[in-house]
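Structure first, commentary second.
Read-outs: derived from the displayed coordinates by stated rules, not from any lab. If you're wondering where the values come from, they're calculated on a predicted model, not measured in any experiment. Every residue, glycine among them, receives a Cβ derived from its backbone with ideal geometry; neighbour counts consider all protein chains shown.
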Amino acid sequence: MFNDIGPLELVTIIVLAVLVFGPDKLPKVIQDVMRTVRKIREFSESAKQDIRQELGPEFKDFEFEDLNPKTFIRKQLDNEDLGLKELRNGFDLKKEMAEVTDAVHGRDSESSTSSSATSSSSSSSSGGRVDMTKKPDAPDHRTPFDADAT
């Protein structure tokens, strides 16, 4: 609960508490605060138990921490039934970025990356790759220059 409070901040809080409440009333204030915190915890635990009883036996493994969106998504992505690990392993982002970089710079990706030539030759032989270095088959027709448009 107080994981981010450092020793200097803790000493400052204690000194302020002594100055505000005084050394004679401070133990009574600490007892009252602890009693209130304990009652709040008991209330929340009883509310959790009531919710679990109302949900029924189908939700016996229901955890309230799963309601946190980060925890829920992490738990669902770690689920083996979805096959997301196979999808994640199927993408080679470095290879894809190298192919895009080679295409932009006008290099042939198979000749520049000799180590991935065997793996990329099967994927590039499917015909889905567009050669961006090839000029279109149109004649040398230049678009007219319009000085007012630029």
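Things to note:
- Between Asp66 and Val29, the modelled label-to-label distance comes to 4.3 nm, taking each label 7 Å out from Cα in the direction of the beta carbon.
- Each label was represented as a point 7 Å from its Cα along the Cα-to-Cβ direction; for Ala103 and Lys75 these points are 4.1 nm apart.
- Here the simple spin-label model places points 7 Å from the Cα toward Cβ, and for Ala47 and Val18 these points are separated by 3.7 nm.
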